[in-house]
Amino acid sequence: MSQRSDRSSAGLRAALVRRKPVDVLLAEGGHGEGGTLRRTLGLSQLTMLSIGATLGSGIFVVLGEAVPVAGPAVVLSFVLAGITALFSALSYAELAGMIPLSGSSYTYAYATLGELVAWVCGWCLVLEYGVSVASVAVGWGQYINELLDLTLGVTIPAALSSPPGDGGIVNLPAIVIVLLAMVLLLAGARESARANAIMVVVKVATLLLFCFIAFSAVEAGNFSPFLPLGLAGMSAGAAKLFFSYIGFDAASTAGEEAKNPQRDLPRAILLSLGIVTLLYCLVALAAVGALNWTGFEGSEAALSHVITTVLGNKLWAALLAAGALVAISSVVLTVLYGQTRILFAMSRDGLVPKALSKVDARTGSPRINTLVVSGFVAVLAAFVPLGNLADATSIGTLFAFGLVNVAVLVLRRSRPEMPRTFRVPLAPVTPVLGVLCCAYMMFSLDVATWLTFAGWMLFGLVLYFAYGMRRSKLARS
């Protein structure tokens, strides 16, 4: 009896740590159920994809929540969050060049840390991408109300534009933008990339316009005291704002649809992060310089609030709100794209139903996957408040990013001979710093966020042991 028990325990341990060889992963690239993904994306499109997924979610939505926590030091909060993101971005760049597949950090973990850790990472990515889409969709609803108020003097009733807990019943605008993004994704990756490129140009122009206007109203007194809530406030602000860096890794989810992934993915990841960080710091500096930090409390459409309060000019505020709508639409589109591709990879490995990796022969997109993910995100956006969504997204992202840094360390030891189109500088120091920064920012989040994360992980583990572990392709091979 004990021998049977020992064999059973040994079998379970072997199942949990089984790895998918990099060579096998690369051989499967692009292939799904009944079709293949199409390689149509170049460097500019991949960079735009990452900028589109990143730029907007923090500046247009979460800035109003971070300033009351950090004060004028919110500028440093962006820098701290950006440095944390940079360590992980370097690791993403190395792995994306080595393993250019749709699964992003889920796939990297599968190749290095074993199936259970890969599942946990993939489950974190479901939280990261799915919930962040829902969160910025909520922000889209806030800005459309801002635009309607400034131009027509009307707003959508709170019952139909806010989720329960924020004074409403359902957030209909959030549902609308998710469904519009779904329609674009169903048309195919190339069409989605073209629409995203146009929206990225509009959003960058909008943020530069805001800086031009706000810098003309900057008062030196608004920067004093610079650290009203101390270093703890700055760190807490950085933890909240890390949400705004989610998306730079979106290019890594397009590995099977890139024309030259080994060359272009690392470049797109690092280039997009640099552009986004510069814009974030400029906008934050202009915002807290133009309006005293105490005036941000309760402001949901923060940038329009700054322009309206400081200048009293509704025309500029309306233009800004319109730009924000385009910016947030781009985030919804690109992050929803990333979510579908991660589930595509998990489905191909057998860990989630195979229907999610079925590719439409006409468009080259995972049609059923897109419909399922969009429906889930739309429901989430309609009924869950923004603050809860943003914090839950940050903790899932930080966990996944930490695993990417660990994966670099593991592959440097286990597969040193593999060709790398980009190498993390100063390794192993840089990946270790990436892990430590992610851990530090995770522990800056509140207890409620940790409880939400623990509940999500527990639910994910139940699904893995009940379904994924037995249906895994590695289990059947």
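Just a few scattered comments:
- Filter result (without any contact (Cβ under 8 Å) to a residue 12 or more places away in the chain and within 20 Å of residue 262 (Cα to Cα)) within the range 416-438: 416, 417
- Tally, over the range 284-301, of residues that are farther than 20 Å from residue 227 by Cβ and either assigned to a helix (DSSP H, G or I) or in contact with a Phe, Trp or Tyr (Cβ under 7 Å, 6 or more places away or on another chain) (or both): 1
- Test: residue in the range 56-73 that is surrounded by fewer than 24 Cβ atoms within 10 Å (Cβ to Cβ) and at pLDDT 90 or above: yes
- The residues listed here are 205, 197, 214, 158; of these, the one that is under 23 Å from residue 365 (Cβ atoms) and either of a type in the set (A, V, I, L, M) or at pLDDT 90 or above (or both) is 197.
Results for (1) under 26 Å from residue 25 (Cα atoms); (2) among the β-branched types (Val, Ile, Thr), shown as yes or no for each residue.
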| residue | (1), (2) |
| --- | --- |
| 377 | no, yes |
| 399 | yes, no |
| 406 | yes, yes |
| 410 | yes, yes |
| 420 | yes, no |
| 428 | yes, no |
| 435 | yes, yes |
| 451 | no, no |
| 454 | no, no |
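- Number of the exception - residue 439 against (1) in contact with a helix residue (DSSP H, G or I) (Cβ under 6 Å, 6 or more places away or on another chain); (2) at pLDDT 85 or above; (3) in a helix (DSSP H, G or I): (1)
- Only one entry in 168, 141 is more than 20 Å from residue 374 (Cα to Cα) and either crowded, with 24+ Cβ neighbours inside 10 Å or without any contact (Cβ under 8 Å) to a residue 24 or more places away in the chain (or both), namely 168.
- Hey, residue 62 within 27 Å of residue 186 (Cα to Cα), within 14 Å of the chain's Cα centre (by Cα), among the hydrophobic types (A, V, I, L, M, F, W, C) and part of a helix (DSSP H, G or I) or not: no
- If you go through the range 144-162 and keep only what is crowded, with 24+ Cβ neighbours inside 10 Å and not in a helix (DSSP H, G or I), you end up with just 162.
- Residue check for residue 87: of a type in the set (Phe, Trp, Tyr), under 30 Å from residue 223 (Cα atoms), at pLDDT 80 or above and in a helix (DSSP H, G or I): yes
- Scan of the range 267-282 for residues that are buried (at least 24 other Cβ atoms within 10 Å of the Cβ) and either more than 24 Å from residue 334 (Cα to Cα) or touching a Leu at 6+ places or on another chain (Cβ under 6 Å) (or both), ordered by number: 268, 276
- Scope the range 208-229; condition assigned to a helix (DSSP H, G or I) and surrounded by fewer than 23 Cβ atoms within 10 Å (Cβ to Cβ); matching residues: 208, 209, 211, 212, 213, 215, 220, 221, 222, 223
- The range 230-266: number of residues that are surrounded by fewer than 17 Cβ atoms within 10 Å (Cβ to Cβ) and either part of a loop (DSSP other than H, G, I, E, B) or in contact with a Phe, Trp or Tyr (Cβ under 7 Å, 6 or more places away or on another chain) (or both): 2
- Within the range 114-138, the residues that satisfy the criterion of being at pLDDT 85 or above and either surrounded by fewer than 23 Cβ atoms within 10 Å (Cβ to Cβ) or among the hydroxyl-bearing types (Ser, Thr, Tyr) (or both) are 114, 116, 117, 120.
- Hits in the range 450-477 - residues which are part of a helix (DSSP H, G or I) and over 21 Å from residue 399 (Cα atoms): 466, 467, 469, 470, 471, 473, 474, 475, 476
- Identity of the residue in the range 353-407, surrounded by 24 or more Cβ atoms within 10 Å (Cβ to Cβ) and assigned to a loop (DSSP other than H, G, I, E, B), that ends up modelled with the highest pLDDT: 366
- The C-beta contact set for the range 304-331 (first residue within 14 Å of residue 213 (Cα to Cα) and β-branched (Val, Ile, Thr), second residue modelled with pLDDT of 80 or more and assigned to a loop (DSSP other than H, G, I, E, B), distance under 7 angstrom, 6+ apart or interchain) comprises 306/291; 309/291; 310/217; 310/291.
- Filter result for residue 457 (closer than 30 Å to residue 21 by Cα and under 20 Å from the mean Cα position of the chain (by Cα)): yes
The values are calculated or read from the model by the stated rules, or taken from the named source; none is laboratory data. In this text the structure is predicted, and so the values were computed from the model without any measurement. So basically every Cβ, Gly included, is an ideal-geometry build from the backbone, and we count neighbours across all protein chains shown.
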